[in-house]
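Report on the following structure.
The values are calculated or read from the model by the stated rules, or taken from the named source; none is laboratory data. The shown structure was predicted, so the numbers you read here are calculated from the model rather than taken from an experiment. Glycine gets a Cβ as well: all are built from the backbone with ideal geometry, and neighbour counts include every protein chain shown.
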Amino acid sequence: MRLLILAVAAVLLLLQVSAARAARRELVGGWSPIKDLSDPYVGEIAKFAVKTHNDEAKTGLVLEKVVRGETQTVSGTNYRLVIQVKDGAETKNFEAVVFDKPWEHVRRLTSFKPVLGNA
């Protein structure tokens, strides 16, 4: 009886390990939601996106808040953020993608586009 219980436990353990490996394979390169949008580092990325966009487009957008965000691990980290900004008296939402590789001191805005409809 003990042998049977040990065999069943071993099979269940193997199934669990196999499922965990399969889940990791599916996530490689995929986008994962940012759990804490108020994390100071996420705020730093959002501020960088707005400042870089303002410098490039000669605009005066002011960051209000991060509405939603995801990360993607590549050879660094891509941050895809939906941010709310003030454009004069108007409130607008934009999707900003920032590539960040802090160990090589690399940070670049790769996309900054308006979000149409509801964020």
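Observations on the structure shown:
- Residue within region 61-77 that is surrounded by fewer than 14 Cβ atoms within 10 Å (Cβ to Cβ) and under 12 Å from Ala46 (Cα atoms) present: yes
- Among the residues making up region 1-58, those that are hydroxyl-bearing (Ser, Thr, Tyr) and either at pLDDT 95 or above or in contact with a helix residue (DSSP H, G or I) (Cβ under 9 Å, 6 or more places away or on another chain) (or both) are Ser32, Ser38, Tyr41, Thr52.
Each row is one residue, and each column tells you yes or no for (1) in a helix (DSSP H, G or I); (2) within 20 Å of Lys35 (Cα to Cα).
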residue: Glu56; (1), (2): yes, no
residue: Thr59; (1), (2): no, no
residue: Val67; (1), (2): no, yes
residue: Gln72; (1), (2): no, yes
residue: Tyr79; (1), (2): no, yes
residue: Val82; (1), (2): no, yes
residue: Lys86; (1), (2): no, no
residue: Phe94; (1), (2): no, yes
residue: Val98; (1), (2): no, yes
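- Residues (of a type in the set (Phe, Trp, Tyr) and within 14 Å of Val50 (Cβ to Cβ)) located in region 86-119: Phe94, Phe112
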